[in-house]
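What follows is a set of notes on a single structure, which appears directly below.
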């Protein structure tokens, strides 16, 4: 896979996921009133995840969508599944290209798989909201029932970023293992997944710092927020594909040092020498 291919797939994936932002927010804002969650909870989660420069846009967008989301759940559902599924399909193509796999599943199967991952993504977002809002109550309840967990909980609270990296690593490893049209070991995808999780977090912080103090997007005026969002999503997708590429590299290195691979190579050379002798 060439470097330009990673760039192309990262761009297409970021574009279609960008298109899914508004319908996904409409869907979430339509569901939230039926849960103990509030608009403020959603704003807090989104602003914690995104670079600081995108926060004003996210807050105004959520506020507007939250006020007008009633009665359009079905439309939002269709739009979300279509646009986000296109993003997942673009990611599938990128991961297939990284792993040197030719897609053999038909279009309708790909659509179903992509829609499934879209629904999973929505469920993860909503569950994350619940954990963020009710996490303290859950921790208090757990400590009341099992006081021995006090040290573990204290460590987890002090190093919560490690927990975030662990969750992202598991998520990315699952994507690397099950999204491409190839059977891959979940365990072997962990190195690239850890790289992507840490790289995503570090890049988001560095990108936010650069945009804040670099002042490089003022010439774009009102379009600067959209450009910042697209660039951020593009590089995040790029990091994910680089993680998959690292997994493939480690796989090829391990295969070269495998005794079975050496035995197979020796057998192949022996067979070739025998054929030349027969000639």
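Here is how the numbers come out for the structure above:
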| read-out | value |
| --- | --- |
| Extreme residue, surrounded by the most Cβ atoms within 10 Å (Cβ to Cβ), among residues of region 179-202 that are assigned to a helix (DSSP H, G or I) and over 13 Å from the mean Cα position of the chain (by Cα) | 189 |
| Any hit, region 86-106, residues being more than 29 Å from residue 250 (Cβ to Cβ), out of contact with any helix residue (DSSP H, G or I) (no Cβ under 9 Å at 6 or more places or on another chain) and either modelled with pLDDT of 70 or more or crowded, with 18+ Cβ neighbours inside 10 Å (or both) | yes |
| Residue match in region 127-149 (condition: in a loop (DSSP other than H, G, I, E, B), over 18 Å from residue 241 (Cβ atoms) and at pLDDT below 70) | no |
| Test: residue in region 64-79 that is crowded, with 19+ Cβ neighbours inside 10 Å, in contact with a helix residue (DSSP H, G or I) (Cβ under 9 Å, 6 or more places away or on another chain) and modelled with pLDDT of 70 or more | no |
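The values are calculated or read from the model by the stated rules, or taken from the named source; none is laboratory data. The shown structure was predicted, so the numbers you read here are calculated from the model rather than taken from an experiment. Ideal geometry is used to build each Cβ from the backbone, glycine not excepted, and the neighbour counts take in all protein chains shown.
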